[in-house]
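Just so it is clear, none of the values below were taken in a lab; they were calculated from the coordinates. Given the structure is predicted, the values throughout are model-derived calculations rather than measurements. Every residue, glycine among them, receives a Cβ derived from its backbone with ideal geometry; neighbour counts consider all protein chains shown.
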Amino acid sequence: MASTVPAVPTKLVDVEVATTSRRTVPVVVLVATGPELGPGGDGIDVSDLTGKAGETVRHDEAWTLGVGTGTLADYRTAGASLVRALSGEDAPRTADVLLTPDLDAARMRAFVLGAALGGYRFKVTGEDAPKRVGSLRLVTGDTGFEEVLTSAALKAHALATATSLARDLANTPSNVKDPRWLSTTAARLADKVDGLSATVRDEKWLAQQGFGGVLAVGGGSARPPRLLELTYGTTGPHLVFVGKGITFDTGGISVKPADGMHLMRTDMAGGGAVIAALLAVARRQLPVRVTGLVPCAENHVGGAAYRPGDVVRHYGGATTEVQNTDAEGRMVLADALAYAVKNLKPDLLVDVATLTGAMKISLGLRTGGVFSSSDELAAEVVEAGAGVGEKWWRMPLLEEHVSAVASEIADYKQCPPGPGGITAALFLQKFTGDVPWAHLDIAGPARSEKVYDEVVAGATGFGARTLVELAEKYSR
């Protein structure tokens, strides 16, 4: 079945930094708002140019590319727009981008991130992929700054690679992507990276160890659940990232409406972000210890499906009263969080999930929600995201709703009454012990229906870059 989908991971546009341009290669001149032409702009007619970020115009001898007012978002947009413009039947194999003197390391990272991701494509088809530019040379006139810009470009390309892989995993159709495929694909990729190891546990191991939440959610499917554990590093602070790995979500017995259910192939976007982040951290050989846990299950309707009213015993012994089988993400995360606290002794615990539709209402479709028991950790997540082009907003863990998590028949209620995103986070908090913990709800930004900035329609890979940046912060 794997042969029916594009190869994972997707090949991205290559980028290099140099101090010389090439002959017979298309040249790209940067244009700031004004318009103000950068190097190589002599003789170009500016009468129809605005310099707006992403504005691409083909001239006789060159292309012009708008970089707006020079913000990081402008440069991401510019990089993405350029790669999209350099596509089609007459797409060049390569091009030289003539950098302006004010382009620093931060702008370089933003531009490369956009260029690497803007041309991303995932389509199951018998037709050949459309042609696009294969590589870009970024030409700087400052020979003393070449090394700094090269380092920035390499980091950005690594972050883009993580985002792209997270997109690949989430976009893969669920007739191919079941818990076994997701976990073994991640393990196969991990085996190719020095210092990264993968362990995949099956349903028998899960039953022996008491992963009641994962087994309950996966019980209705003919394709049994798995637990993926990725391990990197032996020294430094121990970070544990936990990602929701629901490979398809029908809602179970509390079945979802048909409209929009096809998008549930991306319901493991949090797990995809964790997998991609671990691979990126290991490839960059960051001096930090990181473990990734992805409980993988398919939430299906069947004779063995779990029911509203069931009481499920999680790893470690705590019990949950099931109220809605479509709130399956918190069930599998609870097991993984409890396992992490008991066995991995983390210094930091972060879970990532497309968890609640409530967050789409609260924050829209381009911003992730951060819930944390630590002011410092919440600020670190927001800062990490800002540095890599991912927006986060801290949400409150309201004390007045804590009592609603208690159940009369079990330890906890799966779906406490009150604001849905907040009460879901309060439920998960019960399984985090005393460890500094953050819950990242990416239900909104994990998918997109339109192209914007470096994002294309489909899975966005949101969250992967923030996790990598957070790991880098703890490795300093």
Open item on the list: For a test of the definition: using alpha carbon positions, the gyration tensor, and the 1.5 limit on a/c, classify the stretch 120-187 as rounded, prolate or oblate.
Closed with: oblate
- [ ] Could you line up Cys415, Cys296 from fewest to most neighbouring Cβ atoms inside 10 Å?
- [x] Cys415, Cys296
Task: Student exercise, the chain dipole from Lys, Arg, Asp, Glu Cβ charges, in Debye to nearest 20 - done: 1160
Open item on the list: So for each of 149-161, 129-141 I average, over its residues, the number of other beta carbons within 10 Å; can you give me the resulting order with the highest mean first?
Closed with: 149-161, 129-141
Task: Kirkwood hydrodynamic radius of the chain, Cα pairs, Å - done: 22.9
- [ ] Post the alpha-carbon centroid distance, the stretch 53-77 to the stretch 169-199, in whole angstrom.
- [x] 37
Task: Proximal lysines to Lys131, defined as alpha-carbon separation beneath 19 angstrom and excluding residues fewer than eight positions away on the same chain - done: Lys11, Lys123
TODO: Could you run the Karplus curve 6.51 cos²θ - 1.76 cosθ + 1.60 with θ = phi - 60° over the stretch 288-305 and give me ³J(HN,Hα) per residue in whole Hz, x for Gly and Pro?
DONE: 8, 9, 9, 10, x, 10, 10, x, 10, 7, 10, 8, 10, 9, x, x, 9, 5
TODO: Please list the radius of gyration and Dmax for the stretch 303-388, considering alpha-carbon atoms only, with Å as the unit.
DONE: 15.7, 48
Task: Cβ-based net charge around Arg121, under 11 Å, with every Lys or Arg adding one and every Asp or Glu removing one - done: +4
Task: Exposure proxy ranking, count of Cβ atoms within 10 Å, fewest first, for Met395, Met264, Met331 - done: Met264, Met395, Met331
Open item on the list: With loop defined by DSSP as not H, G, I, E or B, and exposure as at most 16 other Cβ atoms within 10 Å, which is the longest segment of the chain clear of exposed GluC sites (Glu not before Pro)?
Closed with: 128-407
Open item on the list: Cut-off is 10 Å between beta-carbons; in what order do Arg307, Arg223, Arg447 appear when sorted fewest neighbours first?
Closed with: Arg307, Arg223, Arg447
- [ ] Could you list, in their original order, any pairs among Lys256/Lys342; Lys204/Lys450; Lys155/Lys204; Lys204/Lys345 whose Cα atoms are separated by more than 32 Å?
- [x] Lys256/Lys342; Lys204/Lys450; Lys155/Lys204
